[in-house]
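Student: A single structure is presented below for examination.
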Amino acid sequence: YGTVDLLDGKITRIAVEDVFDLDGQLVTKVVPPLPVQKISTAWSLHDANWFFDFPTSAKKIAWFYEKAGGSSVDGVIALTPEVLARLLGLTGPIAIPGYGVTLDAENFSDELSREIEAADSREEGVSSKNILKDFTQLLLERLTNLVAEGRSREILLTLREALARRECLLYVTDERLQKLVTDEGFAGSVEPSPGDY
């Protein structure tokens, strides 16, 4: 998971962390939904994206984050790996120093999964998600360079396409803004239906 701090419309900090590190800080025991009880007696952030309705999941994600010691949040964004792969299509391949891996639009999901699984089997006490921290920093640097080159429109169109494809979902706590997100179809809401959905 990652956290993003904004001030006056500008990103002031981005941090990517291993969700299990945060889950370890949760002192409140929460009984999970019945199907999850078959594999776990407690519920936490890593399983909180449970509901078909994304705003319901997002509220639960924010609740778990805060209960585990995180600050209150103004919103929750969910991204699929395809969004990051498309951004890599704009930035070009990114070599990740120390891992012997170069991620690009074609291999992003496979190589990242392979590296995380390999790290899980290598060293105890070392987060397998460290590659995500390093990748995020390098991706942001590349995107910043694209903005400096006047290619902001390409980035925005890529993100707009991800929203349209429901590969990026948004939830914000401000009701007025959330209504706008919902009206645009970016909320991942499950709307009521009089018959078979």
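Student: Tell me which residues come under 5 Å, amide H to amide H, from GLY75 once H is placed; ignore anything under 5 positions away on its chain.
Tutor: So GLY75 has HN proximity to THR173.
Student: Something else: Compare the peptides 91-100, 3-12 by average per-residue count of other Cβ atoms within 10 angstrom and give them in order, highest first. Please list the in-between numbers first.
Tutor: Numbers: 91-100: 13.3, 3-12: 9.4.
Going from most to least packed, we get 91-100, 3-12.
Student: Same structure again: Using only Cα positions of the chain, each an equal point scatterer, no hydration layer, compute I(q)/I(0) via Debye at q = 0.13, 0.17, 0.18 Å⁻¹ and quote the log10 values to two decimals.
Tutor: -0.86, -1.42, -1.52
Student: Looking at the chain, how many pairs of lysines come closer than 16 Å at the Cα, when each pair is eight or more places apart or spans two chains? Kindly include the intermediate steps, with their values, before the conclusion.
Tutor: Values: LYS29/LYS60; LYS29/LYS67; LYS59/LYS67; LYS59/LYS179.
Count of close lysine pairs: 4.
Student: To the nearest 20 debye, what charge dipole does the chain have about its Cα centre, counting +1 at the Cβ of each Lys and Arg and -1 at the Cβ of each Asp and Glu? Mind dumping the intermediate values first?
Tutor: Details: 20 positive and 32 negative charges, 73 e Å.
In total the dipole reaches around 360 debye.
Student: For the chain, what does -39500 (n - 2.57) per DSSP helix run (n ≥ 4), summed and divided by total residues, give at 222 nm, in deg cm²/dmol to the nearest 500?
Tutor: -14000 deg cm²/dmol
Student: When the accessible area of the chain is computed with all protein chains present and a 1.4 Å probe, what percentage of it is carbon and sulfur?
Tutor: Working: 6740 of 12550 Å².
It is 54 percent, rounded to a whole number.
Student: Just order 49-59, 67-77 by mean Cβ neighbour count inside 10 Å, highest at the front, would you? Before the final figure, lay out each step's value.
Tutor: Values: 49-59: 16.8, 67-77: 14.5.
Ranking, from highest mean packing down: 49-59, 67-77.
Student: Another question, if that's okay. Which value, in debye to the nearest 20, gives the size of the charge dipole of segment 1-83 about its Cα centre, when Lys and Arg are +1 and Asp and Glu are -1 at the Cβ?
Tutor: Details: 7 positive and 11 negative charges, 61 e Å.
Dipole of segment 1-83, to the nearest 20 debye: 300 debye.
Student: Also: Check each of the trypsin sites (Lys or Arg not before Pro) in segment 88-197 and keep only those in coil by DSSP with at most 13 other C-beta atoms within 10 angstrom; list them in order.
Tutor: Working: sites: ARG114, ARG122, LYS129, LYS133, ARG142, ARG151, ARG153, ARG160, ARG165, ARG166, ARG176, LYS179; in loops: LYS129, ARG151, ARG165, ARG166.
Here the sparse-neighbourhood loop sites are ARG165.
The values are calculated or read from the model by the stated rules, or taken from the named source; none is laboratory data. Please read all numbers here as calculations on a predicted model, not as lab measurements. Positions of Cβ are generated from backbone atoms using ideal geometry, with glycine treated the same way; all protein chains shown enter the neighbour counts. Accessible surface areas use protein heavy atoms only, side chains included; no ligands, DNA or RNA. Shrake-Rupley method; radii C 1.70, N 1.55, O 1.52, S 1.80 Å.
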